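> The structure is given below, and queries will be raised subsequently.
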Amino acid sequence: MDQRKTFDVLVVGLGPAGACAARSAAQAGRGVLAIDRKQAAGIPVQCAEFVPPMLSPTIDAVSAARCQTIQGMLTFVENEPPDHKNNFPGVMVDRAQFDQHLVAKAIDAGVECRFNTVVTTVDTEGSVYLGSGEVIDAPVVIGADGPRSRIGRAINSVNHGLVVTRQITVPLCDPYSATDVFLSANYCGGYAWLFPRGAVANLGLGVQPGKLKDLKPLLDSLHRELVKQGRVGEGILSRTGGAIPVGGMRVPHGTIKERLILLCGDAAGLSNPITGAGISSAVVSGTLAGESAAAWLELKGHTPKSPSMVFDEVFTEQIIATGKIEEGRTLRRFLQRTEQPLLQDWIIEMGKRVLAHLPIKMLVKMGIAGAVAPRTRRWARAGAAIQEYQDQQQAEHRKALKLDELISMAEQELTSGSPQ
Ligand SMILES: Cc1cc2nc3c(=O)[nH]c(=O)nc-3n(C[C@H](O)[C@H](O)[C@H](O)COP(=O)(O)OP(=O)(O)OC[C@H]3O[C@@H](n4cnc5c(N)ncnc54)[C@H](O)[C@@H]3O)c2cc1C
């Protein structure tokens, strides 16, 4: 027996992309369920844990999970002396802590996060079946389920170019603050890396899938060589691996019947095809996917318009009509449309302070402006041009969202009297 549940947004995968998507959709007021087949956030770690600086200042998860700073990069080509790049800044993070931090933020924003929950099927209606027997219906499904995305497969957007990897964590003999990259003809379609993380280092190798069987012997051999050089210890503290998409971005959206499907992070093929780094783009694309989901739900009338969307509309109308920013008029219309009282304590207080400090002439002008909407001279043509541009944009959005098709389908159903 299946149990059906409905949410505004379903997010599949709670890696960085999914956690950020879920959080931003929830912050926009949507009801979000986010699931992951893992037992707990971020575990097991499948990552070399290097984050470039483009992300560092923007999210606190980097500071929360920071292990050490990286300053440079050394590139070793076969047995040649290395090429030094001194200005290669970044941060090594504890990836489990990083993912856990993002999930905690999603929960704070109101997301229902469930682990140990796997998506088994997506049917032709877009309903999502879980291993538990539950069926989730959501007008928007976000696929943040990694390189071999099941959600991507449901809309025929699949990562073809993959690199397979193997990584060991080993003791580091001396403190080190550069990332080492090893290139060799033997590492077909990939490279090996040594990334320091305090007293240990992640030593890994990626190759094209046809060379999977070479991974272990090649990585063992590099490990032995680095032990011989006195750089790392013999012991192996942990092992991991996984696939990395390197075939470039897939089409990140689609529809199944009237549902919107969005992909982000590795599911959308967004890792860097040369370096394999994908944490930053997972965070950025996930956040955008969540915001887009929320906006789409409002545009299609699945959920009421948020106050910020109403404010944008009122503000734009006002500018187009008069060519002037009239705060008082905009505020009044915004409060009316969002059914809020016009006289609120803070407005009265602000009014009193303005009245106490503004010169009489300006107060008179403001009074007149309240009664007769002031217009910028010769604004009419510019206003009409902006209106035309806005209409064009809206027509494009309607086309992209297939709104007109949906409306005409609904109209046909109504006239034929056969709702299906
Ligand atoms: C060995 C290795 C080293 C790497 N090193 C780096 C690095 O140093 N720096 C860097 O920037 N990037 C690195 N990457 C890439 C980086 O890890 C990914 O780009 C990043 O994790 C993408 O985030 P994501 O949220 O899109 O996907 P993921 O982090 O893969 O999250 C996807 C989630 O979806 C869940 N899931 C999948 N299928 C289902 C299903 N059917 N039902 C429910 N849940 C599902 C998974 O359990 C997983 O938690 C590395 C990758 C590997 C494999």
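The values are calculated or read from the model by the stated rules, or taken from the named source; none is laboratory data. Since the structure is predicted, the reported quantities are computational estimates derived from the model, not experimental observations. No Cβ is skipped: glycine too gets one built from the backbone with ideal geometry, and neighbour counts run over all protein chains shown.
> Hey, does region 274-286 have a residue that's touching a helix residue (DSSP H, G or I) at 6+ places or on another chain (Cβ under 9 Å), in the same structural domain as residue 149 (by TED's automatic domain parsing) and away from the ligand (no atom under 14 Å from the Cβ)?
no
> I need a count of the residues in region 291-310 that are part of a helix (DSSP H, G or I) and closer than 17 Å to residue 142 by Cα.
Qualifying residue count, region 291-310: 8.
> Going by what's in this entry, would residue 308 be described as more than 16 Å from the ligand (Cβ to nearest atom), farther than 15 Å from residue 370 by Cα and among the hydroxyl-bearing types (Ser, Thr, Tyr)?
yes
> Report yes if residue 336 is without any contact (Cβ under 8 Å) to a residue 24 or more places away in the chain, over 30 Å from residue 95 (Cα atoms) and part of a loop (DSSP other than H, G, I, E, B), otherwise no.
no
> Residues in region 250-273 that are more than 13 Å from the ligand (Cβ to nearest atom) and basic (Lys, Arg): how many?
2
> Whether any residue in region 148-156 is within 14 Å of the ligand (Cβ to nearest atom), closer than 27 Å to residue 249 by Cα and in contact with a helix residue (DSSP H, G or I) (Cβ under 6 Å, 6 or more places away or on another chain) is what I want to check.
yes
> Out of 226, 205, which single residue is at pLDDT 95 or above, away from the ligand (no atom under 11 Å from the Cβ) and either in contact with a Gly (Cβ under 8 Å, 6 or more places away or on another chain) or not basic (Lys, Arg) (or both)?
On inspection, the qualifying residue turns out to be 226.
> Go over the candidates 37, 95, 66 one by one and state the one that is of a type in the set (D, E, K, R), under 24 Å from residue 283 (Cβ atoms) and touching a strand residue (DSSP E or B) at 6+ places or on another chain (Cβ under 7 Å).
66
> Continuing with the same structure: Is it true that some residue in region 29-37 is of a type in the set (Val, Ile, Thr), more than 12 Å from the chain's Cα centre (by Cα) and crowded, with 24+ Cβ neighbours inside 10 Å?
Checked against the condition, which is being of a type in the set (Val, Ile, Thr), more than 12 Å from the chain's Cα centre (by Cα) and crowded, with 24+ Cβ neighbours inside 10 Å, region 29-37 yields at least one hit.
> Out of the residues in region 39-54 that are more than 8 Å from the ligand (Cβ to nearest atom) and not in a loop (DSSP other than H, G, I, E, B), state the one that is farthest from residue 237 (Cα to Cα).
40
> Filtering region 105-159 down to residues that are of a type in the set (Val, Ile, Thr) and closer than 17 Å to residue 40 by Cα, which residue is surrounded by the most Cβ atoms within 10 Å (Cβ to Cβ)?
Only one residue tops the list, namely 111.
> I would also like to ask the following. State all residues of region 12-38 that are of a type in the set (A, V, I, L, M, F, W, C) and more than 13 Å from the ligand (Cβ to nearest atom); if no residue qualifies, say none.
Selection gives 25, 26, 28, 32.
> Next question, about the same structure. Looking at residue 68 and the list (1) within 10 Å of the ligand (Cβ to nearest atom); (2) assigned to a strand (DSSP E or B); (3) over 23 Å from residue 119 (Cβ atoms), which single condition is not satisfied?
Just one mismatch for residue 68, condition (1).
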